[in-house]
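In what follows, a structure is listed as structure tokens, so that the remarks can point back to it.
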Ligand code: BG6
């Protein structure tokens, strides 16, 4: 059969990501019989027996996959190696395990090294797996690597050089889990499979595009990481800019990994760079204060564990991106993302320009602009906002919505982002992973903002209450241009 085979070595197998996302995703692939020849080696520091590890895996399936059909059989594919990241001896032992499982499960030498752990070890691990011969295999070898991919362009470059000593670019799968989301993948289809959108998809007909990703969660237990990151690096550099690239890119010649990537890269290359003294014109930052969310009182960012009580870290970003090319000249792409906002929602709103003349001015002073809304999460769907005749009245117009909901029609849960991405990495399809060129361009853009922000203390922090839509400055950013954010409820 054509099912992909793989030995998956998960570095960081006792961590949160493995438990919440990776084990349940591999389980779903197994349950749907998309994979049958596979084995997983959990690699982490803490000592655990294979039995204990398998018990953890089963536990994760019951909790996060909500099912347990064939869970024992599934868990029997899991093995554990207690690992010392910096000891060559430990990699030699891992190689022995890998070789043994390879022949036992007939994995054809196919190996995935999945790094789901603290990024400071990414480089060492890549170098060691090569040096100790783990990458000498007859099958494929692939490195799947979680964010954060660096902290700036410089550090990303250094990390990239380290992993490139052991893996070629086409063997590196940089995860951006937004690219695994059903509706993010749908952007391309909506744009390129419909005669009614692509002809209008430019500065003649589009007024502005708004990308919002709001979260209700606070920083949780991740204060140590988040203090050094902030919303700009945590969400904008990767997820948001990836969505912008998909919205802005030219139609690819073909739907191949290389063609799509090269169009995304061109879109990112067209992002208007900012000088230091221009940052304030284009970007605003926020930090949450205490407030009420879903009826409960929640603390402010500065009161969270491992956070500096005088922290200058942003938990909210709003920005205006200009894409200086023929298609988009003059069309702002407004983006915003924040923690502890009023709702959990990711949405894209494409606002079309007003029609040249309003014939309904006697009843409607202004017509509602046409909107195309792409609902990424929690709802998955598309809404098109049109104007139609108000029933029963004279010629009055009223906005109506044409809505499509994924859940409503298919009645199947769309696969989780991680399930899809893991499967793609086994099949060798890198389309929904980020190429180094995309990472590099995104960092260069983001660095110009973060360098400025780090050099200036934001005296208004905290400047938005938990449970709201963010600071006032985010609204003012659009008001300056005569626009406003469309609500995302
Ligand atoms: C992660 C960020 O990349 O994305 C988190 O590190 C954030 O801070 C998360 O909460 C959001 O992902 P999602 O899928 O819940 O929108």
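Some notes on this structure:
- Boolean, residue 172 is more than 12 Å from the ligand (Cβ to nearest atom), crowded, with 17+ Cβ neighbours inside 10 Å, at pLDDT 95 or above and under 27 Å from residue 119 (Cα atoms): yes
- Taken residue by residue, the stretch 362-371 has no member that is over 12 Å from residue 213 (Cβ atoms), within 16 Å of the ligand (Cβ to nearest atom) and outside any strand (DSSP E or B).
- Matching residues, the stretch 197-218, being crowded, with 20+ Cβ neighbours inside 10 Å and within 12 Å of the ligand (Cβ to nearest atom): 212, 213, 214, 218
- Where strands (runs of 3 or more DSSP E) sit wholly within the stretch 191-294, those with at least 3 residues that are farther than 13 Å from residue 335 by Cβ and either more than 24 Å from the chain's Cα centre (by Cα) or free of Cβ contacts under 8 Å to residues at least 40 places away in the same chain (or both) occupy 288-293.
For every residue, the table says whether it meets (1) farther than 30 Å from residue 228 by Cα; (2) touching a strand residue (DSSP E or B) at 6+ places or on another chain (Cβ under 7 Å); (3) surrounded by 13 or more Cβ atoms within 10 Å (Cβ to Cβ).
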{"site": "66", "(1), (2), (3)": "yes, no, no"}
{"site": "77", "(1), (2), (3)": "yes, yes, yes"}
{"site": "87", "(1), (2), (3)": "no, no, no"}
{"site": "97", "(1), (2), (3)": "yes, yes, yes"}
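- Residue in the stretch 393-406 that is touching a helix residue (DSSP H, G or I) at 6+ places or on another chain (Cβ under 7 Å) and closer than 23 Å to residue 241 by Cα present: no
- Only one of the listed residues (356, 309) is modelled with pLDDT of 95 or more and surrounded by fewer than 21 Cβ atoms within 10 Å (Cβ to Cβ). That residue is 309.
- Residue list for the stretch 407-433, filter: more than 16 Å from the ligand (Cβ to nearest atom), outside any loop (DSSP other than H, G, I, E, B) and at pLDDT below 95: 407, 408, 409, 410
- Filter pass, residue 321 being modelled with pLDDT of 95 or more, crowded, with 18+ Cβ neighbours inside 10 Å and away from the ligand (no atom under 16 Å from the Cβ): yes
- Within the stretch 378-406, the set of residues being at pLDDT 90 or above, surrounded by 15 or more Cβ atoms within 10 Å (Cβ to Cβ) and within 24 Å of the chain's Cα centre (by Cα) comprises 379, 380, 381, 382, 383.
- Of the residues screened, residue 187 is not one that is away from the ligand (no atom under 12 Å from the Cβ), within 30 Å of residue 139 (Cβ to Cβ) and crowded, with 17+ Cβ neighbours inside 10 Å.
- Among the residues listed as 440, 474, the single one being part of a helix (DSSP H, G or I) and buried (at least 21 other Cβ atoms within 10 Å of the Cβ): 474
- Verdict on residue 47 being surrounded by fewer than 17 Cβ atoms within 10 Å (Cβ to Cβ), over 20 Å from residue 29 (Cβ atoms) and in contact (Cβ under 8 Å) with a residue 24 or more places away in the chain: yes
- Of all residues in the stretch 219-230, those satisfying the criterion of being surrounded by fewer than 22 Cβ atoms within 10 Å (Cβ to Cβ) and either within 24 Å of residue 378 (Cα to Cα) or more than 10 Å from the ligand (Cβ to nearest atom) (or both) are 220, 221, 222, 223, 224, 227, 228.
- Residues considered: 331, 298, 317. Of these, the only one that is on the phi < 0 side of the Ramachandran plot and under 22 Å from the mean Cα position of the chain (by Cα) is 317.
The values are calculated or read from the model by the stated rules, or taken from the named source; none is laboratory data. Predicted model only: the values in this text are computed from it and were never measured. Note that each Cβ is placed from the backbone with ideal geometry, even for glycine, and that neighbours are counted across all protein chains shown.
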